[in-house]
Amino acid sequence: MLSLYAKDRLPFPRLIHSDQNKVIKKITKTICSETGKVLLPSEIGHCVHVDASTKVPLSKQDNSAIKELEGVGITLVGFKDSSTL
């Protein structure tokens, strides 16, 4: 459908420093809870929670390989086909 007019949209709000009137840049850093050191993305580990108390460490490559094993979707387990009933 062709429209002769388009709605104006408000721009996203930006945080501005009150004294200098400049845009504030946000920076997110990951800090180690034990040492207080700033962590690089290569230093961040991934783990899988097996039980409430058990964690298994995995690398990013292992995690992506596990995700590629099975296709996207939900598999129902424990139900019979309607044709077998």
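Summary table below
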{"quantity": "5 angstrom amide H check on Leu39, placed H, neighbours 5+ away", "calculated": "Thr30, Ile31, Cys32"}
{"quantity": "Pairwise FRET efficiency - Phe79 versus His17, Cβ, R0 = 41 Å, nearest 0.05", "calculated": "0.10"}
{"quantity": "Whichever lysines have a C-alpha closer than 23 Å to that of Lys26, once near sequence neighbours (fewer than 8 apart) are set aside", "calculated": "Lys37"}
{"quantity": "Förster radius 35 Å - calculated FRET efficiency between Val72 and Ser33, Cβ distance, rounded to 0.05", "calculated": "0.55"}
{"quantity": "Rounded tilt (10° steps) of 60-69 against the dominant C-alpha axis of the chain", "calculated": "50"}
{"quantity": "Phi-based couplings in Hz for region 76-85 (Karplus 6.51, -1.76, 1.60; Gly and Pro marked x)", "calculated": "7, 10, x, 10, 8, 5, 5, 6, 7, 7"}
{"quantity": "Semi-axis lengths, Å, the chain, gyration tensor of Cα atoms, sqrt of 5 times eigenvalues", "calculated": "42, 33, 12"}
{"quantity": "Residues whose placed amide H lies under 5 Å from that of Leu58, excluding near-sequence neighbours", "calculated": "His46, Cys47, Val48"}
{"quantity": "Relative contact order (%) - criterion: Cα under 8 Å, at least six apart; region: the chain", "calculated": "10"}
{"quantity": "In Hz, Karplus ³J(HN,Hα) per residue of region 17-31 (6.51, -1.76, 1.60; θ = phi - 60°; x = Gly, Pro)", "calculated": "5, 6, 7, 9, 6, 10, 5, 8, 9, 8, 10, 9, 10, 9, 10"}
{"quantity": "Rg and Dmax of region 1-46, Cα atoms only, in Å", "calculated": "20.6, 60"}
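Values in this text are rule-based calculations from the coordinates and carry no lab data. Computed from a predicted model, the values in this text were never measured in an experiment. FYI the Cβ positions are ideal-geometry reconstructions off the backbone, even for glycines, and counts take in every protein chain you see.
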